[in-house]
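Enquirer: Mind looking over this structure? Questions follow.
The values are calculated or read from the model by the stated rules, or taken from the named source; none is laboratory data. Computed from a predicted structure; not experimentally measured. Neighbour counts are summed over all protein chains in view; Cβ atoms, including those assigned to glycine, are modelled from backbone coordinates with ideal geometry.
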Amino acid sequence: MSADSAAVRQWVEAYAAVVSEHRGELTRLDQAIGDGDHGTNMDRGMRKAVEKLAGVPDGDVGAQLKAVGMALISSVGGAGGPLYGTLFMQMGQSTTGKEELDAEAFADALEAGVKGVQARGKAEPGDKTMVDALLPAAAALRAAAGEGADLAAALRRAADAAREGRDATIPLVARKGRASYLGERSRDHQDPGATSSHLLLESAATALAS
Amino acid sequence: MKKLINAPDDVVREALEGIEAAHGDRVRVSYDPAYIVRADAPVQGKVGIVSGGGSGHEPMHGGFVGPGMLDAACPGEMFTSPTPDQMLEATKAVNGGAGVLHIVKNYTGDVMNFEMAAELGQGDGIEVASVVTNDDVAVQDSLYTAGRRGVGITVLAEKICGAAADDGKSLAEVADLCRRVNDQGRSMGMALTSCTVPSAGEPTFQLGENEMEIGIGIHGEPGRERMPLEPAARIVERLAGAIVEDLPYESGDSVLAFVNGMGGTPLIELYVAYRELNRVLSDRGITIARNLIGPYITSLEMAGCSITLLRLDDELTRYWDAPVNTPALRWGA
């Protein structure tokens, strides 16, 4: 199976709903090691993204993903806006003109997105950021696609890898973003960006499962 | 949470409406995208100066828009960097043909959003230069962090660069001057209490009745070290000592001393802090040639202060003394 633009729309709407539901949790995680605005910002951004997506015609998946990226860039602010905005923009760039994404195409898109996030935020694995959830997810998606898994199965493995990556941020000392100013005190806290990135993959696995 | 607001989600917009109502003779307010701009912008032939950052630090930056200081300021959501489209529209609004300087505090979000805005502005054919301020000595290990934060020196840089732009300096010259101010400036802050972001509804961190947090930033993020509360004399010695030894400022230096309130500390306590700073610096042979005392770069209702020192030379002093006419800083005009 593969995902067409209607399925991508469902994914974006599902993520917006999940972010809204986890708004308080994301904010609490961010209060512990950041500045306490991650839940609010992502919720505002994803609401805008859903609004903007409603005006984009079905068909071109790339155009949809780019519209989501632009909505996030112009409404989130903070570090989350440019980073999630770039993630979606690069995924959109990678899928321009495509009407369906199979596991391979989704892996290409996610890899392009994560590369964009790293270029914008200069984070390496282990810096205690969203990259720690996204990179393992992209690798798992690529591996699953290579083994011939269908999109639903591949996204399930990606979401599981993102969850493990998210959990692995707990013992890390932050080296990027506001959490880095805490030094050792950032240990034993789960990174809010890795948490929202896991939710993104989890929504993809759920929304695109059928 | 006890706040003088109508609804948490409306605070930023309603404050902008208040600013427009109060200072409409000097500034214009755009709401979508949000920015505050000099009423007479763009000033032809003058370098435009744009800054911005999360809301909650008032009067920075919106209170510093006006002749002799900023041409425009972009307010983000509470403690959240503004977005590139705000910065781009502000940049276009102040471009008088001599280019536009972005003054950016070193915070991950601010830097990334301003980077994107500068790329967009250049794409539109506007010459944009960016200077990132990073004067916070509390961040010691900049190799493994996002680097030193931009704090108090930003206020002084905006004033001095505004005067230089008025003086007809080129974009490259104003940007160089901004870097010089940043290089010659150092800051450090402390908190007696935390602060509450309206949409979060509870304090960003917890601080006991007899505790203080040394080395805070300006977003309610915890600082480097938590310790038992001490008298003002000892607190100022800690902050000033770290600042003086970092640059270092030396005997014979002449400085601008800026004692800033974090939002919840009364002026009378800031003067107590200034008394101690004056003593610490004069013991070290450092002369305070200019000063600024008051809440200028705040963190909502946080109690506490920050100290910023800027080593002065004749040019910096002259630009500091030049007329300025903004809602929050006004002299000679």
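For every residue, the table says whether it meets (1) more than 14 Å from chain B (Cβ to nearest Cβ); (2) surrounded by fewer than 22 Cβ atoms within 10 Å (Cβ to Cβ); (3) in contact (Cβ under 8 Å) with a residue 12 or more places away in the chain.
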{"site": "A:Arg23", "(1), (2), (3)": "no, yes, yes"}
{"site": "A:Gln31", "(1), (2), (3)": "no, no, no"}
{"site": "A:Gly92", "(1), (2), (3)": "yes, no, yes"}
{"site": "A:Asp102", "(1), (2), (3)": "yes, yes, yes"}
{"site": "A:Asp108", "(1), (2), (3)": "yes, yes, yes"}
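Enquirer: Say whether the condition of being at pLDDT 95 or above and either over 19 Å from A:Pro82 (Cβ atoms) or outside any helix (DSSP H, G or I) (or both) is met by at least one residue in the stretch A:39-50.
Expert: yes
Listed here are the residues, each with its yes/no results for (1) among the hydrophobic types (A, V, I, L, M, F, W, C); (2) in contact with a Phe, Trp or Tyr (Cβ under 9 Å, 6 or more places away or on another chain).
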| position | (1), (2) |
| --- | --- |
| A:Glu111 | no, no |
| A:Val117 | yes, yes |
| A:Glu184 | no, no |
| A:Pro192 | no, no |
| A:Ser197 | no, yes |
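Enquirer: Also: List pairs: first in the stretch B:95-121 and closer than 9 Å to B:Val132 by Cβ, second among the acidic types (Asp, Glu), Cβ under 8 Å, 6+ apart or cross-chain?
Expert: Here the result reads B:Ile103/B:Glu158; B:Val104/B:Asp110, each pair linking the stretch B:95-121 to a residue that is among the acidic types (Asp, Glu).
Listed here are the residues, each with its yes/no results for (1) modelled with pLDDT of 95 or more; (2) outside the structural domain of B:Phe79 (by TED's automatic domain parsing); (3) more than 26 Å from B:Leu247 (Cα to Cα).
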{"position": "B:Gly96", "(1), (2), (3)": "yes, no, yes"}
{"position": "B:Gly99", "(1), (2), (3)": "yes, no, yes"}
{"position": "B:Lys105", "(1), (2), (3)": "yes, no, no"}
{"position": "B:Leu120", "(1), (2), (3)": "no, no, yes"}
{"position": "B:Asp124", "(1), (2), (3)": "no, no, yes"}
{"position": "B:Asp135", "(1), (2), (3)": "yes, no, no"}
{"position": "B:Ala138", "(1), (2), (3)": "no, no, no"}
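Enquirer: Pick out the one residue from B:Glu58, B:Glu89, B:Glu77 that is among the acidic types (Asp, Glu) and in contact with a Phe, Trp or Tyr (Cβ under 8 Å, 6 or more places away or on another chain). If you could, list the steps in order and put the result at the bottom.
Expert: Working: B:Glu58 fails: in contact with a Phe, Trp or Tyr (Cβ under 8 Å, 6 or more places away or on another chain); B:Glu77 fails: in contact with a Phe, Trp or Tyr (Cβ under 8 Å, 6 or more places away or on another chain).
Just one listed residue meets the conditions, B:Glu89.
Residue-by-condition table, conditions (1) surrounded by 18 or more Cβ atoms within 10 Å (Cβ to Cβ); (2) of a type in the set (Gly, Ala, Ser):
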| site | (1), (2) |
| --- | --- |
| B:Asp135 | yes, no |
| B:Ala163 | yes, yes |
| B:Asn182 | yes, no |
| B:Ala233 | no, yes |
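Enquirer: Going through the stretch B:230-272 one residue at a time, which ones are within 22 Å of the chain's Cα centre (by Cα) and either in the same structural domain as B:Arg148 (by TED's automatic domain parsing) or at positive phi (or both)?
Expert: Within the stretch B:230-272, just B:Gly263 meets the criteria.
Enquirer: Considering only residues that are touching a residue at least 24 places away in the same chain (Cβ under 8 Å), among the acidic types (Asp, Glu) and not in a helix (DSSP H, G or I), which ones fall in the stretch B:230-258? Give the derivation first.
Expert: Taking the stretch B:230-258 and keeping what is touching a residue at least 24 places away in the same chain (Cβ under 8 Å), we get B:232-233, B:235-244, B:246-247, B:249-258.
Checking the rest, the ones that are also among the acidic types (Asp, Glu) come to B:237, B:246, B:250, B:253.
Passing the criteria: B:Glu250, B:Asp253.
Enquirer: Here's a follow-up. Restricting to the stretch B:78-114, what's the tally of residues that are touching a strand residue (DSSP E or B) at 6+ places or on another chain (Cβ under 8 Å), more than 8 Å from every other protein chain (Cβ to nearest Cβ) and not polar (S, T, N, Q)?
Expert: Qualifying residue count for the region: 17.
Enquirer: How many residues, within the stretch B:53-74, are at the interface with chain A (Cβ under 10 Å from one of its Cβ atoms) and under 11 Å from B:Ala34 (Cα atoms)?
Expert: Final tally of qualifying residues: 1.
Enquirer: With respect to B:Thr80, determine if the residue is crowded, with 24+ Cβ neighbours inside 10 Å, within 29 Å of B:Ser194 (Cβ to Cβ) and among the polar types (S, T, N, Q).
Expert: Numbers: crowded, with 24+ Cβ neighbours inside 10 Å: yes; within 29 Å of B:Ser194 (Cβ to Cβ): yes; among the polar types (S, T, N, Q): yes.
So B:Thr80 passes the test.
Enquirer: Shifting gears a bit: Being more than 21 Å from A:Ala179 (Cβ to Cβ) and either buried (at least 23 other Cβ atoms within 10 Å of the Cβ) or hydrophobic (A, V, I, L, M, F, W, C) (or both) is the requirement here; does B:Val94 meet it? Give the steps one after another, and end with the answer.
Expert: Details: more than 21 Å from A:Ala179 (Cβ to Cβ): yes; either buried (at least 23 other Cβ atoms within 10 Å of the Cβ) or hydrophobic (A, V, I, L, M, F, W, C) (or both): yes.
It is true that B:Val94 is more than 21 Å from A:Ala179 (Cβ to Cβ) and either buried (at least 23 other Cβ atoms within 10 Å of the Cβ) or hydrophobic (A, V, I, L, M, F, W, C) (or both).
Enquirer: Okay, moving on. State whether the residues of the stretch A:149-165 include one that is under 22 Å from A:Gly78 (Cβ atoms) and either more than 14 Å from every other protein chain (Cβ to nearest Cβ) or of a type in the set (A, V, I, L, M) (or both). Can you show your working first?
Expert: Our first condition is that a residue be under 22 Å from A:Gly78 (Cβ atoms); within the stretch A:149-165, this holds for A:162, A:165.
After this cut, where a residue has to be either more than 14 Å from every other protein chain (Cβ to nearest Cβ) or of a type in the set (A, V, I, L, M) (or both) as well, the list is A:162, A:165.
Within the stretch A:149-165 (the criterion being under 22 Å from A:Gly78 (Cβ atoms) and either more than 14 Å from every other protein chain (Cβ to nearest Cβ) or of a type in the set (A, V, I, L, M) (or both)), the answer is yes, since at least one residue qualifies.
Enquirer: Just a yes or no: is a residue in the stretch A:202-210 within 30 Å of B:Ile214 (Cβ to Cβ), polar (S, T, N, Q) and either away from chain B (no Cβ under 12 Å) or touching a residue at least 40 places away in the same chain (Cβ under 8 Å) (or both)?
Expert: Initially, the stretch A:202-210 is screened for residues within 30 Å of B:Ile214 (Cβ to Cβ), giving none.
Checking the stretch A:202-210: not a single residue is within 30 Å of B:Ile214 (Cβ to Cβ), polar (S, T, N, Q) and either away from chain B (no Cβ under 12 Å) or touching a residue at least 40 places away in the same chain (Cβ under 8 Å) (or both).
Enquirer: When residues of the stretch A:51-80 are filtered for being in a helix (DSSP H, G or I), β-branched (Val, Ile, Thr) and more than 24 Å from B:Pro75 (Cα to Cα), how many remain? Walk me through how you get there before you give the answer.
Expert: So in the stretch A:51-80, the residues in a helix (DSSP H, G or I) come out as A:51-54, A:61-75, A:80.
Of the ones still in play, those that are also β-branched (Val, Ile, Thr) are A:61, A:68, A:73.
Those still in the list that are more than 24 Å from B:Pro75 (Cα to Cα) too: A:61.
Total satisfying the criteria: 1.
Enquirer: Looking only at the stretch B:89-110, decide whether some residue is in contact with a His (Cβ under 8 Å, 6 or more places away or on another chain) and of a type in the set (Ser, Thr, Tyr).
Expert: Step one: list which residues in the stretch B:89-110 are in contact with a His (Cβ under 8 Å, 6 or more places away or on another chain), which gives B:91, B:107.
Remaining after also requiring of a type in the set (Ser, Thr, Tyr): B:91, B:107.
The answer is yes, given that some residue of the stretch B:89-110 is in contact with a His (Cβ under 8 Å, 6 or more places away or on another chain) and of a type in the set (Ser, Thr, Tyr).
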